[in-house]
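The values are calculated or read from the model by the stated rules, or taken from the named source; none is laboratory data. Worth saying up front: this structure is predicted, and the values here are computed from it rather than measured. Don't worry about glycine lacking a Cβ; one is built from the backbone with ideal geometry, like all the others, and counts go over all protein chains shown. Quick note on the areas: whole protein, heavy atoms, side chains included, nothing else; ligands and nucleic acids left out. Shrake-Rupley method; radii C 1.70, N 1.55, O 1.52, S 1.80 Å.
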Amino acid sequence: MARWREPRPKSSPYITPEGEQALKSELQELWLLRRREVVPALSAAAAEGDRSENAEYIYRKKQLGEIDRRVRYLSRRLDEVNVVHIAPNDREKVFFGAWVTLETADGEVRYRIVGADETDSGKGYISVDSPLARALLG
């Protein structure tokens, strides 16, 4: 049985200015702070000798790989996203970046339609690619 899976569809390239700033902040924090802490620790662990049984070396190498993977992703993503600064003239329709209030049987629920990189259920941010957002747009 093959393990091949069809690639996931690309998410929408739209992002709010706040979302772009959050991605840039995360990239800067990873590159300037976390990576600068891990590299010297990795070098010190490598200097201790046999790397095959050195748990600190293995852990730091894995940690550095995860940081570098995230840095690559954020760098590519920031190059391909389109920041939506301007709201449309017709404010009667639901648009990207808008807050939407829905009435349910239990009361009201408030959502903001944002880019795929900004989703946060705790804040009420839903992706523009989600079925609910697609139904609400326009």
Among the residues in the stretch 99-111, are any surrounded by 14 or more Cβ atoms within 10 Å (Cβ to Cβ) and farther than 19 Å from G138 by Cβ? no
Would you mention how many residues in the stretch 54-98 are open to solvent by 70 Å² or more (accessible area, probe 1.4 Å) and either in a helix (DSSP H, G or I) or without any contact (Cβ under 8 Å) to a residue 24 or more places away in the chain (or both)? 19
Could you tell me which of the residues P7, P13 is under 30 Å from A133 (Cα atoms), in contact (Cβ under 8 Å) with a residue 12 or more places away in the chain and open to solvent by 40 Å² or more (accessible area, probe 1.4 Å)? P13
Working carefully through the options L132, L42, find the one that is without any contact (Cβ under 8 Å) to a residue 24 or more places away in the chain and open to solvent by 60 Å² or more (accessible area, probe 1.4 Å). L132
Can you tell me which of G115, G138 is in contact (Cβ under 8 Å) with a residue 24 or more places away in the chain, open to solvent by 40 Å² or more (accessible area, probe 1.4 Å), of a type in the set (G, A, S) and out of contact with any His (no Cβ under 9 Å at 6 or more places or on another chain)? G138
Note on the stretch 4-44: residues of a type in the set (A, V, I, L, M, F, W, C), within 30 Å of A87 (Cα to Cα) and assigned to a helix (DSSP H, G or I) are A22, L23, L27
Subset tally (residues that are farther than 15 Å from L30 by Cα and polar (S, T, N, Q)) for the stretch 69-98: 2
